[in-house]
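Heads up, the thing below is written out as structure tokens.
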Amino acid sequence: MNALHGLRSTIRGQVWLPGEPDFDTVRRPWNLAVEQPVDAVVEAADAADVVALVRQARAAGLSIATQPSGHGASGRTGGSILLRTRRLDTLQVDAANRRARVGAGVRSGLVQAAAAPHGLTGLPGSSPVVSVAGVALGGGLSWFGRAHGWVADSVSAFDIVDAEGRERHVTADTEPELFWALRGGGGSFAIVTALELTLHPAPRLYGGRMLWPARHAPAVLDAYRTITATAPDELTVWLDLLHFPGAEPMVAVDTTYLGEPGDARTLLAPLDRLPAPLSDTRQPMSVAELGPITAEPTDPSAGLSHTELLTALDDEAVRTLLDDPIEPLLSAQLRHLGGALARPSDSPHGPLTEPYALYLFGLPTDPARAEAVSAKQRTLADALPTSGRKPLSFLNPSESVADVFTPDVLDRLRDIKRRHDPHDIFRANHPVEG
């Protein structure tokens, strides 16, 4: 405890200890269904604070769990110091060289807003409020992954603080093994304070959501399969079976297209032959306007998620998804993968060869509801053609890195962990243990 009280003498940012005002608020993860026990919370003012924290933790035999905002938390934080990095907010765009330098606390939507005026884009996911660094450390699936691969594939350098409390600049040339591990192996190896990434041309973007009553789901899913069977890499199409509390079930199709609106409408023509939707927000848009497509919550809330990678979306899989209502789930979302995601990637996950991802989400409003949601997720997962592996950034608290990486890759990651953090100072949401 003396070491924890001593944090205030070395940290220029904020420190919270158990029993103090706001401690229980600042230690919470994004998913409020996850209990996150920690011994202290530190919000670093800058990279020098991170250096000071690592050196003090190393001397005291403490561990550090790093979270900009708490997305992806698993609750495996007992006995650790929770480090918040949201004040590491450097954001510099070099439009001429299509590069960005992004602090560990910078959220995806801010990168998009900075890149958009230059006709460029990062690789944003469905939510604008997740940190770019956190997504990249988990590999990262994006709206534009079919065109440009994993988010981690676009990272060219990391600024880190290592387990000895030294600041280092890590690239494929300077430290190839550590660089490889950081591009999708998670936060077990170092604390990232900033990263450099490639921006991609995006002079035109078309996108939005179409929404129908659930009675049209069979026809919508048929059109979805037709479109995704031949979709070019620039086109991304997701389908969502929805059942919001107090509302009738619905089905949505969300899409983005990196190109001209006319080309997008031609590619999406099967959707226009369906019954008139309840709403249709598709239009030319900025890459800074992606968040409203799926309208995910931008404030912390409780939820239970389960993700599977599908090896096929055949007639039997369609029947499994549609024969029974998704209730008590809130959402069953199909994401079309393929394209650049399926091509070679020098990252721990490697190529993502499964053609679809299925993300199942429900609200644990009480224990009985939570069990019902989990049971529905298990029932669907067991009945569908799945590969058995999962993207790291989509793991739920009950899963581990063994659900993500092949045994050979996991052995390589464990060796890197042993060499770079032998005392296990860094505690990832889903740790690689040396």
Response to the item:
Here, chymotrypsin sites (Phe, Trp or Tyr not before Pro) of region 152-256 satisfying both criteria (DSSP loop; at most 13 other Cβ within 10 Å) are none
Response to the item:
Per 10 angstrom bin, beginning at 0 and ending with the bin that holds the maximum distance, the Cα pairs of region 2-84 fall in percents of 19, 56, 24, 1
Discussion item. Could you give each residue of region 143-160 its phi-based ³J(HN,Hα) in whole Hz, using Karplus coefficients 6.51, -1.76, 1.60 with θ = phi - 60°, and x for Gly or Pro?
Written reply: 3, 10, x, 5, 8, 10, x, 4, 4, 4, 5, 9, 7, 9, 6, 10, 9, 10
Discussion item. Can you give the FRET efficiency to the nearest 0.05 for R319 and R58, using r as the Cβ-Cβ distance and R₀ = 56 Å?
Written reply: 0.50
Discussion item. If each residue of separation counts as 0.36 nm, what is the full-extension length gain between D299 and F244 once their alpha-carbon separation is subtracted?
Written reply: 18.0 nm
Item to complete: Average the reciprocal distances over every distinct pair of alpha-carbons in region 91-201, invert the result, and give the Kirkwood radius in Å.
Response: 13.7 Å
Worksheet entry | Highest-first arrangement of 67-79, 21-33, where packing means the average Cβ count within 10 Å | 67-79, 21-33
Discussion item. Cβ neighbours within 10 Å, averaged per peptide: list 303-316, 251-264, 397-410 in order, most packed at the top.
Written reply: 251-264, 303-316, 397-410
Item to complete: Work out from phi, with θ = phi - 60° and the Karplus expression 6.51 cos²θ - 1.76 cosθ + 1.60, the ³J(HN,Hα) of each residue of region 265-274, listed in order in whole Hz, and give x for Gly and Pro.
Response: 5, 5, 5, 9, 3, x, 5, 6, 8, 7
Worksheet entry | Loop-resident sites, region 238-312, for trypsin sites (Lys or Arg not before Pro), counting at most 16 other Cβ within 10 Å (DSSP) | R273
Fill in: Leading residue at positive end of dipole, the chain (Cβ point charges), from G207, V42, V287
V42
Worksheet entry | Nitroxide proxy distance, nm - points 7 Å out along Cα→Cβ at D272 and D24 | 5.6 nm
Response to the item:
The ³J(HN,Hα) series, computed from each phi in region 400-413 with the Karplus coefficients 6.51, -1.76 and 1.60 at θ = phi - 60°, rounded to the nearest Hz and given as x for glycine or proline, is 9, 5, 5, 7, 10, 9, 5, x, 5, 5, 5, 4, 5, 5
Practice prompt. Can you tell me the dipole magnitude for region 206-394 around its Cα centre, using point charges on the Cβ only (Lys, Arg +1; Asp, Glu -1), in Debye to the nearest 20?
Written response: 80 debye
Fill in: Rg to Rh, two decimals, where region 359-434 supplies the alpha carbon set and Rh follows Kirkwood
1.09
Worksheet item: Long-range amide H contacts for T121: which residues qualify at under 5 Å (H placed 1.01 Å from N, peptide plane, sequence gap of 5 or more or a different chain)?
Response: H200, A202
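Taking 25 °C and 0.890 mPa s as the conditions, I'd like the Stokes-Einstein D for region 206-394 in µm²/s, using the Kirkwood hydrodynamic radius from alpha carbon pairs. Write out the running numbers ahead of the final one.
Details: Rh = 17.4 Å.
My calculation gives 141 µm²/s for D.
Every read-out reported here was derived from the displayed coordinates using simple, explicitly stated rules and does not represent laboratory data. Quick caveat, the model's predicted, so the values are computed rather than measured. Because the Cβ atoms are built from the backbone with ideal geometry, glycine has one as well, and the counts that use them run over all protein chains shown.
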